[in-house]
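Derivation of every value follows stated rules applied to the coordinates shown; laboratory data play no part. None of the values given here were measured: they were computed from a predicted structure. Quick reminder, even Gly has a Cβ in these numbers, built from the backbone with ideal geometry, and neighbours come from all protein chains shown.
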Amino acid sequence: MSEPPVEGDLQVDYVVVQPGNSLWRIARRLSGRGLDYVHIYGANQTQIRDPDLIYPGQVFEIPTEFGSAG
């Protein structure tokens, strides 16, 4: 699992999966387009075996094209 950046590292945005989340919902919340889930999946393929199955507590890196994950 990826670790959040430490002081001096490049800033990377992360999202922690909550119950009821899907990649589609996360992408829609961050970019306004659910179809952008493919970018989140691509950035986190080492953690996601099936894009339809993500689990609460997983921490995904958000690609820079999404801007702020806040």
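Highest-first packing order for the peptide set 50-62, 17-29 is 17-29, 50-62, based on the mean count of other beta carbon atoms within 10 Å. Modelled spin labels at V16 and R28, positioned 7 Å past Cα toward Cβ, are 2.4 nm from each other.
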